[in-house]
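K.L.:
Below you will find the structure I want to go over with you.
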Amino acid sequence: MALLDVQDLTVEFPTRRGTLRALDQVSFSIDSGEILGVVGESGAGKSLTGAAIVGLLERPGRIAGGEIKFDGKRIDNLAPEPLRRIRGRRIGMIFQDPLTTLNPLYTIGRQLTETMQTHARLSDAEARRKAIGWLDRVGIPAAAQRIGAYPHEFSGGQRQRVVIALALCAEPALVIADEPTTALDVSIQAQIITLLKDLTRDHGTAVMLVTHDMGVIAETADRVAVMYAGRIAEIGPVAAVIRHPAHPYTHGLMASIPSLEHRVSRLHQIDGAMPRLDAIPSGCRFHPRCPRAFERCTNEPPELIPAGATSAACWLHAHG
Amino acid sequence: MADAKTLQAVGVSHFFDVSRPFLQRVLARESRRSLRAVDDVSFTITQGTTFALVGESGCGKSTIARLAVGLYRPSNGDILFENQALSSARAQPAMRRRMNMIFQDPYASLNPRWRVTDIVAEPIRAFRLATRPNEVQGRVGSLLAQVGLTVRDGDKYPHEFSGGQRQRISIARALASEPDFLVCDEPTSALDVSVQAQILNLMRDLQQRLGLTYLFISHNLAVVRHMADRLGVMYLGRIVEQGPAEAIFQRPRHPYTRLLLDAIPDLEQVGRARTPVGGELPSPIAPPSGCAFHPRCPLALDRCRVEKPLHVMDGDVQVACHAVEEGRDD
Ligand SMILES: Nc1ncnc2c1ncn2[C@@H]1O[C@H](COP(=O)(O)OP(=O)(O)OP(=O)(O)O)[C@@H](O)[C@H]1O
Ligand SMILES: Nc1ncnc2c1ncn2[C@@H]1O[C@H](COP(=O)(O)OP(=O)(O)O)[C@@H](O)[C@H]1O
Ligand code: SF4
Ligand code: SF4
Ligand SMILES: [Mg+2]
Ligand SMILES: [Mg+2]
């Protein structure tokens, strides 16, 4: 049984001008010890998916359909208090913006020790020793000396690593990591990725890894979900999605990545932008930007269907 | 002039005071502590070209960015803009108008309460590049068009745009003062790859059209390869290797540059375990003696632990490494 099971998750924002549907029937699951990568343009719904799972949707956003099961039990309809207990201890979160997670008024040492002490019985000395250990593991230089420093005294990348330490120090069963390494350079990134992989291997931790860095996905994830305008466009084993993308959007996304091997005068770009939520196109929501669109695409929305080794929401793969 | 120097850093260092507050320091009998974020850095950016800086988080890239536009004053050394020291010209608005900065975070750097038109018009008004309202409007309109937005977008607020569109707004604002030199600190790090491709293409187009000079900072080596004419690799506040970008990508000389290139995730190799740059990340408060990279360097010898390597030329590329100097790097 999957540790996390999301079925037909739909999230809506009621506004004065009508209801906006930000997530539309999103389904996926993650097993213990598995890393699911989630990619897609900003605004595709990646962060909302994570927020919905941990019950931190910003008002007036609400789950309008579907269900979320964690460890076999529904958590989408839990009261705030039981949900808060699961969050933090059993589900750890690394948010996109490190500055909103760290309290500027407290030293990073205090923030780490307090987090650990609310979830486990630890003496102050033990908590301090563990905090230094976590800072070390995420690559903060001279951790013992800098444990008394405040968030603003660190560089952008260092702050992000402190946030990662904060999310992992309670040793949760599921980690939702929203762009955890986007602001980091390759060597630290490698270190964090190695840390996440070690956790999945040694402790069976499940990870939902949201990132737009395909390179990170390639070496970390077991499976990957590609999101576009609130839906999953393609999902499947990582090698298949990268080498043989079945959805034209995935294809364009892969082609727009600059290469280390050769320099081109212009990068491939998918022209246009993702539609706004109040102007989702009819049929396949990618059709106005799709180089392969045909008539059916403009009026019938495609569901995920098998396409080679992956599943893609695209009419090109409907046979018969 | 074919090779006009737009920006030069000459022996620039920058220290931060990281001492504890006075009373605590006295009680603990500590002396003042300083952190050397930038250590004796020199480089030259030729007009109309892109100089890129890469390096690990915390190595001093953003500090150089801020020094280059005069937001920080160097503790030592000089920044020259068109052969004139920036420090002497700080008060000159003419020079300030000609340099600008694009930040990593397109969310935090735009005032949420202003309409886009006013955000873009602000530098035009501040530097009195136009005064009549319809003249200002005309300029704003053409700036928005330059970055692929429309005049109608000008009536909206920043929160109504996506990340990529907000970065376009930041670029339009940065261009509003008609600068010649732009410092771009991780301009696409917060953007996804498809939007990144659009922004990088836009930046290259603008460079060609307007003859802009860029100091381009990124930790993404593939992005740097796409943008850079010349490249500087930083480690713990120093530039350890610099030269034509192609020459460095073809044949990286410094052991650190080689490790950085090896540490890049590779789309071709799904599931491959990367070689993380091993060893401890040193503290910038107490940097290692000799070559600061020696605790992590596979080629380190005794000499490296005591003697700071000097910058030597190897072809077109300047490298600070004893192994390279002694010819035992391959
Ligand atoms: N205001 C400050 N006070 C004390 N130390 C600082 C301050 N700003 C930066 N530093 C330190 O100076 C060093 C260089 O910081 P800088 O912001 O230039 O790094 P960076 O290369 O831009 O890193 P990143 O890739 O994470 O943005 C780091 O060790 C950082 O902790
Ligand atoms: N508080 C909110 N009110 C209205 N719309 C929102 C709110 N938060 C997110 N959205 C919309 O939901 C969509 C998905 O957002 P998000 O999950 O943050 O995207 P991603 O993380 O993929 O960049 C976007 O169109 C976004 O504008
Ligand atoms: S369904 Fe049609 S428009 Fe949509 S991705 Fe497939 S081919 Fe393109
Ligand atoms: S000087 Fe020595 S320690 Fe430093 S990079 Fe060269 S070989 Fe390595
Ligand atoms: Mg997001
Ligand atoms: Mg920085």
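K.L.:
Go ahead and run the numbers for FRET between A:Lys73 and B:Ala126, Cβ-Cβ distance against an R0 of 60 Å, rounding to 0.05.
P.N.:
Numbers: r = 58 Å, r/R0 = 0.97.
E(calc), rounded to 0.05, equals 0.55.
K.L.:
Related question: Please average, across the residues of A:247-260, the number of beta carbons from any other chain that are within 10 Å of each residue's own beta carbon, and give a whole number. Each step should come with its number before you reach the end.
P.N.:
Numbers: counts 0, 0, 1, 0, 0, 3, 4, 3, 3, 9, 7, 13, 4, 12.
That average works out to 4.
K.L.:
Right, something else. Highest mean first, how do A:115-128, A:232-245 rank when packing is the count of other Cβ atoms within 10 Å averaged over residues? Write out the running numbers ahead of the final one.
P.N.:
Working: A:115-128: 14.4, A:232-245: 21.5.
The peptides rank, most packed first, as A:232-245, A:115-128.
K.L.:
If you don't mind, another one. Let's test the formula: R0 of 22 Å, r as the Cβ-Cβ distance of A:Arg62 and A:Ile280. What FRET efficiency results, to the nearest 0.05? The partial results should precede the final answer.
P.N.:
Details: r = 19 Å, r/R0 = 0.84.
Approximately 0.75, to the nearest 0.05.
K.L.:
Using a cut-off of 13 Å between alpha-carbon atoms, which aspartates and glutamates can reach B:Lys5, once sequence neighbours fewer than 8 places away in the same chain are excluded?
P.N.:
B:Glu82, B:Asp180
K.L.:
Using the Karplus equation 6.51 cos²θ - 1.76 cosθ + 1.60 (θ = phi - 60°), what ³J(HN,Hα) coupling, rounded to whole Hz, does each residue of the stretch A:226-234 give in order, writing x for Gly and Pro?
P.N.:
9, 9, 9, 6, x, 10, 8, 7, 7
K.L.:
Here is a follow-up. Under 19 Å from the Cα of A:Lys69, which aspartates and glutamates turn up, not counting those fewer than eight places away in the same chain?
P.N.:
Once the sequence-local aspartates and glutamates are set aside, what remains near A:Lys69 is A:Asp5, A:Asp8, A:Asp24, A:Asp31, A:Glu34, A:Glu81.
K.L.:
Given labels modelled 7 Å from the Cα in the Cβ direction, how far is it in nm from B:Tyr157 to A:Ala318?
P.N.:
4.1 nm
K.L.:
log₁₀ I(q)/I(0) of the protein assembly as shown at q = 0.07, 0.10 Å⁻¹, via Debye over equal Cα point scatterers, no solvent, to two decimals?
P.N.:
-0.47, -1.00
K.L.:
Hey, another quick one. Just tell me how shielded A:264-273 is by partners: mean number of partner chain Cβ atoms within 10 Å of each residue's Cβ, no decimals. All intermediate terms of the calculation are to be shown ahead of the outcome.
P.N.:
Numbers: counts 1, 3, 6, 11, 3, 10, 5, 2, 2, 8.
Per-residue shielding by partner chains comes out at 5.
K.L.:
Restricting things to alpha carbons, tell me how big chain A is in terms of Rg and Dmax, in Å.
P.N.:
20.5, 68
K.L.:
Rounded to the nearest 10 degrees, what's the angle between the helix A:186-203 long axis and the longest principal axis of chain A, both from Cα atoms, 0 to 90?
P.N.:
80 degrees
K.L.:
Given the stretch A:98-162, what whole percent of its Cα pairs are spread farther than 14 Å? Can you show the working numbers first?
P.N.:
Working: 1092 of 2080 pairs.
Above the 14 Å cut-off, the stretch A:98-162 has 52 percent of its Cα pairs.
K.L.:
Please work out the C-alpha center-to-center distance from the stretch B:200-258 to the stretch A:273-320 and express it in whole Å.
P.N.:
Here the answer is 38 Å between Cα centres.
K.L.:
I need to check one value: relative contact order of chain A, counting alpha carbon pairs closer than 8 Å and at least 6 residues apart, in percent. Kindly include the intermediate steps, with their values, before the conclusion.
P.N.:
On the way: 583 pairs, mean separation 64.8, N = 320.
About 20 percent, as a whole number.
K.L.:
Sticking with this one: List, in order, the whole-Hz ³J(HN,Hα) value for each residue of the stretch A:15-27 obtained from phi through the Karplus relation with A = 6.51, B = -1.76, C = 1.60 and θ = phi - 60°; use x for Gly and Pro.
P.N.:
10, 4, 8, x, 8, 9, 9, 8, 10, 10, 6, 8, 10
K.L.:
How much length would be gained if the chain were fully extended between B:Asp229 and B:Ser289, taking 0.36 nm per residue of separation minus their Cα-Cα distance, in nm to one decimal? Write down the numbers at each step before the final one.
P.N.:
On the way: separation 60, 0.36 × 60 = 21.60 nm, distance 3.23 nm.
The B:Asp229-B:Ser289 span can extend by a further 18.4 nm.
K.L.:
Sticking with this one: Computed FRET efficiency, Cβ-Cβ of B:Asp262 and A:Asn299, R0 56 Å: what is it to the nearest 0.05?
P.N.:
Working: r = 50 Å, r/R0 = 0.89.
Working from the Cβ atoms, E equals 0.65.
K.L.:
Now a separate question. Give the lysines whose C-alpha is closer than 25 Å to that of A:Lys73, dropping any in the same chain fewer than 8 places away, or say none.
P.N.:
A:Lys46
K.L.:
Just to be sure I understand: if I project the alpha-carbon convex hull of the stretch B:136-197 onto a plane and average over all orientations, what area do I get in nm²?
P.N.:
Numbers: hull surface 18.3 nm².
Taking a quarter of the hull surface, the average projection is 4.6 nm².
Every number here is computed from the coordinates shown, using simple stated rules; none is lab data. None of the values given here were measured: they were computed from a predicted structure. When we count neighbours, we look across all protein chains shown, and the Cβ atoms used for this are built from the backbone with ideal geometry, even at glycine.
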